[in-house]
Amino acid sequence: MVKTTVPREEYMMQGHVACQGCGATIAMRYVLKALGPKTIVSIPACCWAVIPGIWPQATLKTPLLYTAFEVTGAALSGMEAALKTKGLEDEITVLGFAGDGGTADIGIQALSGMAERGTNAIYVMYDNEAYMNTGIQRSGSTPYGAWTTTTPVGKKHEWKTEFKKSVAEIMVAHEIPYVATATVAYPEDLVAKLKKAKSIKGPKFIQIFSPCPTGWKHPPEISVEVSRKAVASRMFPLYEVEYGKYRITQRPKQIPVGEYLKLQGRFRYLPDDEIDIMQKHVDRRWELLLKKEQFTQENL
Ligand SMILES: Cc1ncc(C[n+]2csc(CCOP(=O)(O)OP(=O)(O)O)c2C)c(N)n1
């Protein structure tokens with residue numbers, strides 16, 4: 001039997017209504033395995049507002065608070081305040097679970113406020129790199145070169161021409177105790193980061209890269225492979241920043257960005273010179289990450 005540090009207990013039951021191969025669904029399953037049953041989840045408008053299904057058949061075993069699209073951060077502060085009045089703040093984990101649109105774009109001010117207020121909660125941004133629930137519109141977290149319904153490519157080749165916004169780095173700039181990136185291809189790494197986040201008091205932010213077969217145009221059965229190749233190509237490096245100290249947590253053998261892109265229909269039209277632009281950008285960002293790791297390890 002394969003040994004794993006991922007807990008066997010399940011807090012996400014069968015009967016969810018996600019698409020096949022949905023990375024965000026695998027992400028929630030691992031997150032709750034790490035955090036355990038004494039967790040309250042707050043979810044804004046996003047795919048995950050639909051995925052659990054309708055009470056009493058809802059797929060999560062934990063309590064759930066649905067909120068408006070832009071307010072996850074504020075909701076977490078409110079939930080923390082309510083738990084404090086009941087004297088339960090050390091017993092129960094407050095978890096936000098929001099998409100990249102609801103975090104990188106419309107929810108960023110609520111998230112920033114929650115971080116600045118020092119709310120004791122974990123904010124997970126599940127990153128499927130577009131507004132998927134409303135039909136694959138581009139977000140600030142959509143990567144350069146991607147097709148979406150608002151960057152429709154077609155004859156004019158109008159793919160996304162802005163680079164992906166790094167919400168993890170925005171949160172590092174808030175100087176909160178813990179920021180990390182994770183993905184579903186590395187469950188042990190993901191679970192370890194959530195457990196660490198749970199053990200630290202104050203605001204924690206974790207960005208989970210979550211492939212979306214429907215929006216990225218890849219077969220559902222390769223979601224984990226896509227996720228793994230995102231890390232190997234360094235399109236989505238896995239690292240954590242604990243009290244300002246960077247640590248890269250996975251260093252698989254590097255593969256060219258093109259090997260990751262070719263798995264997905266959303267990059268189908270990209271010519272080689274555009275892939276070169278992406279490769280250079282990825283290499284630059286990786287160099288920067290290495291320097292941040294070295295500097296903070298040596299000086300903090
Ligand atoms: C203020 C507001 N604007 C727009 C919407 C419509 N809306 C609901 S979900 C959604 C997309 C959410 O995208 P994201 O946060 O990336 O999560 P995903 O759907 O990808 O899971 C939008 C635009 C809304 N509910 N509220």
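The values are calculated or read from the model by the stated rules, or taken from the named source; none is laboratory data. In this text, all values refer to a predicted model and were calculated from it rather than measured experimentally. So basically every Cβ, Gly included, is an ideal-geometry build from the backbone, and we count neighbours across all protein chains shown. When the accessible area is computed, the model is the full protein with side chains, heavy atoms only, and any ligands, DNA or RNA have been set aside. Shrake-Rupley method; radii C 1.70, N 1.55, O 1.52, S 1.80 Å.
For the reader, a short list of remarks on this structure follows.
- Residue list for region 131-157, restricted to those being at positive phi and of a type in the set (A, V, I, L, M, F, W, C): Ile136, Val153
- Here the helices (runs of 4 or more DSSP H) wholly within region 210-283 that include at least 1 residues being over 20 Å from the mean Cα position of the chain (by Cα) and closer than 26 Å to Thr151 by Cα are 257-261.
- Residue in region 277-286 that is free of Cβ contacts under 8 Å to residues at least 40 places away in the same chain and open to solvent by less than 60 Å² (accessible area, probe 1.4 Å) present: yes
- Pairs meeting the criteria (first residue in region 60-71 and assigned to a loop (DSSP other than H, G, I, E, B), second residue within 10 Å of the ligand (Cβ to nearest atom), beta carbons under 6 Å, at least 6 apart or on different chains) are Thr67/Pro44; Phe69/Pro44; Phe69/Ala45; Phe69/Gly102; Phe69/Ile106; Glu70/Ile106; Glu70/Gly107.
- Yes/no for Gly87 being part of a helix (DSSP H, G or I) and surrounded by fewer than 24 Cβ atoms within 10 Å (Cβ to Cβ): no
- Any chance Ala98 is assigned to a strand (DSSP E or B), within 12 Å of the ligand (Cβ to nearest atom) and touching a residue at least 12 places away in the same chain (Cβ under 8 Å): yes
- Taking region 35-47 as the range and being outside any loop (DSSP other than H, G, I, E, B) and either open to solvent by 10 Å² or more (accessible area, probe 1.4 Å) or at pLDDT below 95 (or both) as the test, the residues that pass are Ile40, Cys47.
- The set of residues from region 56-79 being modelled with pLDDT of 95 or more and over 22 Å from the mean Cα position of the chain (by Cα) comprises just one member, Gly78.
- Within region 153-176, the set of residues being touching a strand residue (DSSP E or B) at 6+ places or on another chain (Cβ under 6 Å) and in a loop (DSSP other than H, G, I, E, B) comprises Trp159, Lys160, Ile176.
- Residues that are within 24 Å of Ala230 (Cβ to Cβ) and open to solvent by less than 10 Å² (accessible area, probe 1.4 Å), drawn from region 108-127: Leu111, Ile122, Tyr123, Val124, Met125, Tyr126, Asp127
Per-residue answers, yes or no, for (1) touching an Asp or Glu at 6+ places or on another chain (Cβ under 9 Å); (2) near the ligand (Cβ under 10 Å from one of its atoms); (3) free of Cβ contacts under 8 Å to residues at least 60 places away in the same chain; (4) of a type in the set (A, V, I, L, M):
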residue: Ala104; (1), (2), (3), (4): yes, yes, no, yes
residue: Gln109; (1), (2), (3), (4): yes, no, yes, no
residue: Tyr123; (1), (2), (3), (4): no, no, no, no
residue: Asn133; (1), (2), (3), (4): no, yes, no, no
residue: Tyr144; (1), (2), (3), (4): yes, no, no, no
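- Among residues of region 34-72, those that are away from the ligand (no atom under 13 Å from the Cβ) and of a type in the set (Gly, Ala, Ser), counted: 5
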